[in-house]
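The values are calculated or read from the model by the stated rules, or taken from the named source; none is laboratory data. Everything quoted here is computed from the prediction, not taken from an experiment. Note that we place each Cβ from the backbone using ideal geometry, even for glycine, and neighbour counts take in every protein chain shown.
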Amino acid sequence: MPYVKILDKNIYYREYGSGEPIVFLNGMMMSTSSWTPFAKIVSKDYKMITVDLLDQGRSDSCEDNYTIDTQGEFLNQFLGELNLKKVHILGTSYGGKVALTFAIKHPTMVKSLILSNTDSYTTNIMKDIGKSWVYGASTLEGEIFSTLIMPYMYSYEYYEKNYKDIKTIRKIFDNILDKEWYQRFKRGIESARNFNVYDELKNIKSPTLIISSEFDIITPIGYQKLIHEEIEGSKWIIIKRAGHASMYEKPEEFISIVMDFLESIKNRQ
């Protein structure tokens, strides 16, 4: 299994294909495997790199508290270990926060920036939602935790149509929820609590794509509009009739938007 050691932590990653590198950054509760359905398409023309940062997937836990800045520095050192000087970066939700932080602190390393269902600061709504999620995880009961989380993830139409599948996911939480998983999840939520890079967005000069979802409850469209208004020349696309987890609800549309944007960057060269 491919790992790199960063500050005494084992960081897990996977690579697919060859070409210009594009790094995919996880949302909360995601891991490198979450991106596998897109590997065949992306790796046709690019080197696709997925990575589990601190407390994610197969990477090591972090016993101490940390922030989004910490994750951004781990990403910086990770790219250094892979000898990557400039990359495309795609971050969704939590991963979008890490992507923004990295782009602000290391602008020369970002060839393009793709932000999906994310925001430039942690809103009061998200802070309160996060508190309820942490409480749900603390019970170590998959039914309680999933009931508090899953309704926020999808559009109402998708939720009703796929309710049987969503109930199956609840059973998965029964198998993975333990004290260690809870502590990792809690630290992840708390790491974003004071995140705010809104005033620095204007400093991002890399070609930027912002992806929203019409029915996103967690990061409503208005927060992506703020990013679009502050990053000069950014492109903004809204996926209709989808919720926060648009990459799962409408995977073909999601990856088509991403690939079209990357192709447009290539054509500018």
Review point. On the given criteria, is residue 217 surrounded by fewer than 21 Cβ atoms within 10 Å (Cβ to Cβ), touching a Phe, Trp or Tyr at 6+ places or on another chain (Cβ under 7 Å) and either at pLDDT below 95 or among the hydrophobic types (A, V, I, L, M, F, W, C) (or both)?
Key: yes
Practice item. Assess whether residue 136 counts as being surrounded by 15 or more Cβ atoms within 10 Å (Cβ to Cβ), more than 19 Å from residue 117 (Cα to Cα), without any contact (Cβ under 8 Å) to a residue 24 or more places away in the chain and among the small types (Gly, Ala, Ser). Key: yes
Check your understanding: From the list 61, 116, which one is more than 19 Å from residue 194 (Cα to Cα), touching a residue at least 40 places away in the same chain (Cβ under 8 Å) and within 13 Å of the chain's Cα centre (by Cα)?
Key -> 116
Review point. Within the range 224-261, which residues are of a type in the set (A, V, I, L, M), buried (at least 17 other Cβ atoms within 10 Å of the Cβ) and over 18 Å from the mean Cα position of the chain (by Cα)?
Key: 231
Point to revise | Residues being polar (S, T, N, Q) and buried (at least 20 other Cβ atoms within 10 Å of the Cβ) - total across the range 148-205 | key: 2
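One line per residue, one yes/no per condition, for (1) modelled with pLDDT under 95; (2) more than 24 Å from residue 156 (Cα to Cα); (3) small (Gly, Ala, Ser); (4) part of a strand (DSSP E or B):
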{"residue": "232", "(1), (2), (3), (4)": "no, yes, no, no"}
{"residue": "243", "(1), (2), (3), (4)": "no, no, yes, no"}
{"residue": "254", "(1), (2), (3), (4)": "no, no, no, no"}
{"residue": "257", "(1), (2), (3), (4)": "no, no, no, no"}
**Study point:** Residues (assigned to a strand (DSSP E or B), buried (at least 21 other Cβ atoms within 10 Å of the Cβ) and not hydrophobic (A, V, I, L, M, F, W, C)) located in the range 21-64
**Key:** 50
